[in-house]
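I have placed the structure first, in the form of structure tokens, so that the comments after it can refer back to it.
The values are calculated or read from the model by the stated rules, or taken from the named source; none is laboratory data. Here the structure is a predicted model, which is why all the values come from computation and not from measurement. Here the Cβ is made from the backbone with ideal geometry for all residues, glycine too, and neighbour counts use every protein chain on show.
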Amino acid sequence: MAVPLGTTGPDSAARVRWRLAEVAAVVDETPRVRSLFLTVPGWPGHRAGQHLDLRLTAEDGYRAQRSYSIASPPEDPRIALAVERIEDGEVSPYLAGEVRVGDKLELRGPIGGYFVWNAAAGGPLLLVAGGSGVAPLMAMLRHRAAARSDVPTTLLYSSRSFEEILFREELDRLAAADPSLRVVHALTRSQPEGWAGQRRRIDAEMLEEAAGLPLPEALAFVCGPTRLVENVAIDLLTLGYKAHRVKTERFGPSGS
């Protein structure tokens, strides 16, 4: 996940204090991913791309804690999380399958000051995601729409199958309404009949086609499994992206 902020003072203390959030809504996005919409009294606000820590406590006192990227934009009063169910996990099966509206969850945040974007930062913007790694990038796209930004933006998004594309309908709507936003899908395991998108894992050729010739101010955010993130970062540097303008966040097996 992103590197925690290194600030001090009252605002920093507010961010690391555990808060009690209430589940306001749940939406099954795919067969394995559910969005949780939370109301958090006293939430200090966040930036697109940040994450939070969530903690569950069992009846016997055992606690399990995990980090989740925030998928909602700063403009949304609710906090949205996209939780992927890991069958043998400690936390995700409960969050993605058992949590109901009205349930209470402990969380703290927001956390992270590196993997963040706001409309004032400009672009061009290249967002590259694998699986549920699209969550923080979705926060950026939602913020971009709320801010009415026309920064040229491309999302290159790798999923295993059509059914596992997170936020597919919303992404379609955003792209249809904004000619400066391009969404490119890559399906790596199976494709529906007539599929016109990419049919392989993201590689240098796909990145070059999606992003075009990088300008000096081009900014890239890459989030997903470690292997994807590392390969994409190397390819972007080879294509001419400046190292300090390629920001990465990765995830992997963590007992979720």
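Points to keep in mind about this one:
- Odd one out for Val99 among (1) touching a residue at least 24 places away in the same chain (Cβ under 8 Å); (2) closer than 25 Å to Thr248 by Cα; (3) of a type in the set (A, V, I, L, M, F, W, C): (2)
- Looking only at the stretch 1-53, and only at residues there that are over 25 Å from Glu169 (Cα atoms), of a type in the set (D, E, K, R) and not in a strand (DSSP E or B), the one that is modelled with the lowest pLDDT: Asp11
- Positions within the stretch 236-250 being of a type in the set (Lys, Arg) and in contact with a Phe, Trp or Tyr (Cβ under 9 Å, 6 or more places away or on another chain), in sequence order: Lys247
- Candidates Ala139, Ala129, Ala186 - the one that is assigned to a helix (DSSP H, G or I) and hydrophobic (A, V, I, L, M, F, W, C): Ala139
- Selection from the stretch 152-179 of residues that are more than 21 Å from Arg227 (Cα to Cα) and either in contact (Cβ under 8 Å) with a residue 60 or more places away in the chain or among the small types (Gly, Ala, Ser) (or both): Glu163, Phe167, Ala175, Ala176, Ala177
- Tabulated pairs, the stretch 1-30, first closer than 14 Å to Gly112 by Cα, second among the aliphatic types (A, V, I, L, M) and at pLDDT below 65, C-beta under 8 angstrom, 6+ apart or interchain: Ser12/Leu5; Arg15/Leu5
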